[in-house]
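Worksheet: the structure to be examined is printed underneath.
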Amino acid sequence: MAISAGAAFDNWRTLWLNSEEQIHAIAGELGKMKVQVLRGGIWKPRTRPGSFQGIGSDGLKWIKDAGIANNLPVTVEVANPRHVEEALKAGIDVLWIGARTTVNPFLVQEIADALVGVDVPVMVKNPINPELELWIGAFERLNQAGIKKLVAIHRGFSSASQSRYRNAPNWQIPIELKRRYPDLPIVCDPSHIAGARPLIPQLSQNALDLNFDGLMIETHNHPEKALSDKDQQLTPVALNELLNSLVIRQASVDDAIFMNVLEELRDQIDAIDERILILMAERMSVANEIGQYKRDNNMTILQVERWNEILKTRLQSGEMKELSDEFIIRMYELIHQESIRHQTEVMNRSVQGKAT
Ligand code: PEP
Ligand code: MN
């Protein structure tokens, strides 16, 4: 498992410690832990101008030296060809593309073009919006430029709805990425998903339980003084505690008894899924009948009160069965959509029938 951690080079303006000393201090701590890569944001994309935007090019040498001194490969974020050029010149071992860059195919292409002929691993954070194809597009552009060592970083997705997370985890998106590209390693960045220290341990364990290949956790020796994202950084001591408390499970085991039990449980799941599908098909054929009935009586397909009633009663019933509201809502939205599709087809058939 690869774990990277690091700081955002920030206390450069305070008197007690400059950024060069800071990165050495943190790297010294991380070098003693189960950390495999040192990360640092040299150039920080900030929402508003005037915020601390990273120490800039000077920091490249600092992080590289701190990495060498502590036997850690180092990684920085690159957002344009100039960053790539400077990072490579400074001997940075791994590059990463940030969420705000992955959303922009022009920039990703420029970065890919700057990497032609270079053999450097590149990690790609998911785009800020939950769009798997955009994430995949970035890998394709880099791959076409000849970059073979690619790693995905799941950092959560921006969402309009209220959530306890800074960026909603939407685990199904990285899971689908893994399904389509089983050989692509995926690292989870619980710091940016959480946005708050107390949520980081649980998210880290969730990621490992989902068979993620590593974690990227922001670390700072004095988080309260950090110039960016101070609420989501762990002290080296807290990071060490977390790393030692994580349970690393295996994706598969050789134990025959275990495999038998697992097979049996999976058979049960397969049988239940088949029953669900039969019931869904039955539900849709009733929807077809309703569609015909509505058509014959000149009624609209959608009756909002009925849809509200369905959601309300299913949420109540789901709660008693310990099914989450989110699951019930998303499942019924899909079922309702499919039901409307069936009914629309019935209506269309009648329109076509009249036209011919
Ligand atoms: C970062 O990793 O510090 C960063 C800027 O994150 P993201 O691109 O995920 O917003
Ligand atoms: Mn950050």
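The values are calculated or read from the model by the stated rules, or taken from the named source; none is laboratory data. What you see is a predicted model; the values in this text were computed from it and never measured. Quick reminder, even Gly has a Cβ in these numbers, built from the backbone with ideal geometry, and neighbours come from all protein chains shown. Areas reflect the complete protein model, heavy atoms only, side chains present, ligands, DNA and RNA absent. Shrake-Rupley method; radii C 1.70, N 1.55, O 1.52, S 1.80 Å.
Here are some notes:
- At a probe radius of 1.4 angstrom, the accessible area of segment 139-252 per residue rounds to 48 square angstrom.
- Bridgeable aspartates and glutamates around Lys225 (alpha carbons under 16 Å apart, same-chain partners fewer than 8 residues away excluded): Asp10, Glu20, Glu21.
- Hydrodynamic radius of segment 12-245 by the Kirkwood approach over all distinct alpha-carbon pairs: 18.0 Å.
- Taking every DSSP bridge with both residues inside the chain, close to 5 percent are antiparallel.
- 12 Å Cα-Cα reach of Lys148 towards aspartates and glutamates, excluding residues that sit fewer than 8 places from it in its own chain: Asp119, Glu140, Asp183
- Rounded if a/c under 1.5, otherwise prolate or oblate - segment 155-213, Cα gyration tensor axes: oblate
- Separation of the alpha carbons by more than 26 angstrom is noted, of Lys34/Lys125; Lys34/Lys89; Lys64/Lys178; Lys294/Lys321, for Lys34/Lys89; Lys64/Lys178; Lys294/Lys321.
- Residues whose placed amide H lies under 5 Å from that of Met216, excluding near-sequence neighbours: Ser4, Cys188, Asp189
- Sulfur and carbon atoms: percent of accessible area, the chain [1.4 Å]: 54
- For segment 110-188, relative contact order (Cα pairs under 8 Å, six or more residues apart, normalised by length) works out to 32 percent.
- Largest accessible area first, the residues Val78, Val37 order themselves as Val37, Val78 under a 1.4 Å probe with ligands, DNA and RNA left out.
- 17 Å Cα-Cα reach of Lys312 towards aspartates and glutamates, excluding residues that sit fewer than 8 places from it in its own chain: Glu322, Asp325, Glu326, Glu333
- Loop GluC sites (Glu not before Pro), segment 279-356 (other Cβ atoms within 10 Å of the site Cβ: 10 or fewer; DSSP): Glu322
- Whole-number percent relative contact order across segment 12-245, with pairs defined as alpha carbons under 8 Å at least 6 apart: 13
- Convex hull (Cα only) mean projected area of segment 118-176, reported in nm² to one decimal: 4.2
- MRE, 222 nm, helices only [DSSP H, n ≥ 4, -39500 (n - 2.57), over the chain, to nearest 500]: -16500 deg cm²/dmol
- Accessible surface, per residue, of segment 256-355 when the full set of protein chains is kept, probe 1.4 Å, Å²: 78
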